[in-house]
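Below is one structure; the comments refer to it alone.
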Amino acid sequence: MTEVTGTQLPRLQYGVFIDPPNYNPDTDTFTWIAGVEVTADAVPPEGMISYKLPQATYAVLGISRGEWWSCL
């Protein structure tokens, strides 16, 4: 994501699934966002969007040095 300016931690990238309320995997589609944390005044490049993830508790899965780890 080198084309994104204002990144806070450029090596830390996120993949976020955004499911609609009452999500039914048999009939509903979902949205997947690949992103990075940016400064509040960052402007997304053409063809990209800005999305503010609401404050909540999330499950986090990551990969570090080729080994899977997870935490809550």
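No lab work stands behind these numbers, since they all come straight from the coordinates. Source: prediction; values computed, not measured. Don't worry about glycine lacking a Cβ; one is built from the backbone with ideal geometry, like all the others, and counts go over all protein chains shown.
For the residue pair residue 33 and residue 57, what label-to-label distance in nm results when each label sits 7 Å from Cα along the Cα-to-beta-carbon direction?
Here the modelled spin labels are 2.2 nm apart.
Using the Karplus curve 6.51 cos²θ - 1.76 cosθ + 1.60 with θ = phi - 60°, work out ³J(HN,Hα) for each residue of the range 31-45 in order, rounded to whole Hz, and write x for Gly and Pro.
10, 10, 10, 9, x, 9, 6, 10, 5, 4, 9, 5, 10, x, x
So how far apart, in nm, are the two label points at residue 24 and residue 2 if each is 7 Å from Cα heading toward Cβ?
4.6
With Cβ to Cβ distances under 12 Å as the rule, what net charge do the other residues near residue 4 carry (K, R +1; D, E -1)? Display every interim value, and only then the final one.
Values: positive: none; negative: 3, 37, 46.
It works out to a net charge of -3.
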